[in-house]
There are 2 protein chains.
Amino acid sequence: MTQFNEAELTDAVIGSFDQTPDARARFLLQELVKSLHDYVRKTNLTFEEWGAAIDFLTRTGQTCTASRQEFILLSDVLGVSMLVDAVNHRDRAGATETTVLGPFYVGEHRVTPHGTDISASLKGEKMFVQARVTDLAGVPLAGATVDVWHADDEGFYDSQRPSYESEGPSSRARFITNSDGRFFFRTILPCSYPIPTDGPVGQMILQTKRHPMRPAHVHFLVAAEGHEPLVTHVFIAGDDYLDSDVVFGVKDDLIAQVEQRSDPVMPDGKLASGPWYLMTYDFRMKPGAGVAPRPLGTIVPEPV
Amino acid sequence: MTQFNEAELTDAVIGSFDQTPDARARFLLQELVKSLHDYVRKTNLTFEEWGAAIDFLTRTGQTCTASRQEFILLSDVLGVSMLVDAVNHRDRAGATETTVLGPFYVGEHRVTPHGTDISASLKGEKMFVQARVTDLAGVPLAGATVDVWHADDEGFYDSQRPSYESEGPSSRARFITNSDGRFFFRTILPCSYPIPTDGPVGQMILQTKRHPMRPAHVHFLVAAEGHEPLVTHVFIAGDDYLDSDVVFGVKDDLIAQVEQRSDPVMPDGKLASGPWYLMTYDFRMKPGAGVAPRPLGTIVPEPV
């Protein structure tokens, strides 16, 4: 029998993967076939629509470079990245919430002394960040590594700037918690920013009348021995886009009140040069194991 | 409320497309979100699996060129192309069955006199093709255009050869049916061939222990006024891969008995140079309208 009706066609494609050696790969592929076929049947997808999808996927792949991952952006704006995060973190009662890693993590940062101004070369409003890393019972975790990165006052990450290769990192550092589980540093107040809108994903967002904005945030990747690595952001209370993050990454637990201050002295006893903001946040780590995510840029291959 | 549980997250992403101006685009996107999210939840997709999917899609996009469409190949081997064909041709009782266009259609061919040997420059066993185009009642359709293309005796299409630009088409032509609805030409007997296995899609086929073969066939694209354009293949009875076409394109109605002959004269009265094969096929056209598909290569953009 070579001829299939629609249901037989689906069964034949599923059956074609029966010999896949790895059971998990077989399951994922066969479920993918079911899902794709159900979609085509439910939507009665036309040839033109199918062709537009092929075209969109092709352009999305061809927009990826060593420093840009348009398929991750697609996953982000369709809420898939946050859902993958959710299904892999179903039991975090009491621990700090997770959110997306995002495409701007470039791997381990250089260890930096507490108090350093990591945005010294940038304009912007000054911010002092003081934070603590504890276990679920509030016991401080000393020696934890904390990678930090955020966008500049124009909404760009250092790695998006042409000068990144020559000038090195900015608004990006690693701190090690002290015996109290504390770390602190100076930087600028980040602002909300749009995802790139010059590629197929950003264009789709604009065409569907969604806004492309992410609310202002600082990324944190915290790793402490005996605990699950924590990938998260801290968002800044009052941002206009907290309720409509284009990548659906906000959680209530991750919003910090960032206070405007005019004290002449900052929390580490050094003089302030003018008004400044204070961000305070405590990270509660979940016991367990696991490896920190690799930088997503590393999975982008060269074009063939 | 900014924080979502898994179901709320899906609802939020669906809702984010509510302002999409085109109702059909809105429907397709919102169903896509449901489908993708259901897949992630059902499979409990891990971060590593998600990363592998991002990597696969990226490489698939980056394998596409002006003469290669790896995403169409992916659609083909997952049975999606044949399913799109099926849902768009649900009522063809009495008409010749359709199948995939495939990635090797390059657009309108040059009109060629009946009897021409369209594979004159190739080695291979000689074949004479005689065919007729009729309506559903068997009434001949004169003046119909018939585009024909097939692989050579090594399983490659002319457009896959580096010499294609300089030497022009081979095993590829357009015929116009005569007053009897007939057309005929000479060529070589095509053979079964593998899809490209040097890209991510072919690699996936090999890794899942599927074979990459398509059974031997000749492509036909028939267009007659007052009738739906017909995109199909004629397959050659007895081929080893008729029951396991890697793109699921075979239909019983499309398999022709190709007879081996030793008559010294071919059906058009001209001498044969040795043994030859005879393919005979009648195409029954469905009344209706519609435009012939555009060549799929035309939707491949240049890399950005």
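What follows draws every value from the coordinates through simple rules; no lab data is involved. As the structure is a computational prediction, the values presented were derived from the model and not from experiment. Neighbour counts are summed over all protein chains in view; Cβ atoms, including those assigned to glycine, are modelled from backbone coordinates with ideal geometry.
Odds and ends about this structure:
- Rounded to the nearest 0.05, the FRET efficiency derived from the C-beta distance between B:Asp240 and B:Ala142 at R0 = 45 Å is 0.75.
- For the range B:6-45, a/c is not less than 1.5, where a ≥ b ≥ c are the root eigenvalues of the C-alpha gyration tensor, and a/b does not top b/c. That puts it in the oblate class.
- Summary for A:Glu31: label point 7 Å along Cα→Cβ; distances to the equivalent points in the other copies, ascending, 2.2 nm.
- Per-residue [θ]222 nm for the protein assembly as shown (sum of -39500 (n - 2.57) over DSSP H runs n ≥ 4, rounded to 500): -7500 deg cm²/dmol
- Using a 7 Å Cα-to-Cβ projection, A:Glu8 label spacings across copies, nm, ascending: 4.8
- Relative contact order, percent, chain B [alpha-carbon distance under 8 Å, six or more residues apart]: 22 percent
- Annotation: amide H of B:His227 within the under-5 Å range of B:Gly288, sequence separation 5 or more or interchain, hydrogens built in the peptide plane.
- Karplus-derived 3J(HN,Hα), 6.51/-1.76/1.60, for each residue of the range B:166-175, Hz, glycine and proline x: 7, 9, x, x, 9, 6, 7, 6, 10, 10
- Cα gyration tensor, the range A:70-295 - rounded (a/c under 1.5), prolate or oblate: oblate
- Separation between Cα centres of the range B:138-189 and the range A:39-65, rounded to whole Å: 29 Å
- Residue-wise HN-Hα coupling along the range A:77-87, computed from phi with Karplus coefficients 6.51, -1.76, 1.60 (Hz; x: Gly, Pro): 6, 8, x, 6, 4, 5, 5, 4, 4, 5, 6
- For B:37-48, mean number of other protein chain Cβ atoms within 10 Å: 6
- Estimated FRET transfer efficiency (A:Glu225, B:Thr46; beta-carbon r; R0 25 Å; 0.05): 0.65
- Database remark: amide H of B:Arg182 closer than 5 angstrom to the amide H of B:Val133 (H placed geometrically; neighbours at sequence offset of 5 or more, or on other chains; Pro and chain starts carry no H).
- Between A:Gly269, A:Pro113, A:Ser166, the Cα set farthest toward the positive side of the dipole of chain A (charges on each charged residue's Cβ, about the Cα centre) is that of A:Gly269.
- A cut-off of 5 Å between modelled amide H atoms, ignoring neighbours fewer than 5 places along the same chain, links B:Ala144 with B:Thr177.
- Scanning chain B for the Cβ atom closest to the axis that brings B onto A yields residue and whole-Å distance B:Gly61, 1.
- Shape of the range B:45-156, Cα gyration tensor, a/c cut at 1.5: oblate
- Converting phi to 3J(HN,Hα) with the Karplus coefficients 6.51, -1.76 and 1.60 and the offset θ = phi - 60°, the range A:185-199 yields 7, 9, 7, 10, 5, x, 10, 5, 8, x, 5, x, 10, 9, x Hz in sequence order, with x at every glycine or proline.
- About the centre of its Cα atoms, the range A:70-295 shows a dipole size close to 200 debye [charges on the beta carbon of Lys, Arg (+1) and Asp, Glu (-1) only; nearest 20 debye].
- Residue pairs exceeding 25 angstrom between C-alpha atoms, taken from A:Lys286/B:Lys34; A:Lys42/B:Lys251; A:Lys42/B:Lys42; A:Lys34/B:Lys286: A:Lys286/B:Lys34; A:Lys34/B:Lys286.
- Shielding by partners for peptide B:22-28, expressed as the average number of C-beta atoms from other protein chains within 10 Å of each residue's C-beta, is 3.
- Each Cα pair under 8 Å and six or more residues apart adds its separation to the average, and for the range B:220-262 the resulting relative contact order is 34 percent.
- In nm, spacing of pseudo-spin labels at B:Lys123 and A:Asp263 (7 Å Cα→C-beta vector): 8.7 nm
- Label spacing, shortest first and in nm, from A:Asp180 to its equivalents in the remaining copies (7 angstrom along Cα→Cβ): 10.0
- Label point at A:Asp252 placed 7 Å out along Cα→Cβ; residues across the range A:223-237 whose backbone nitrogen lies under 17 Å: A:235-237
- Reachable lysines, given that their alpha-carbon falls under 26 Å from the alpha-carbon of A:Lys123 and they are not under 8 places away in the same chain: A:Lys270
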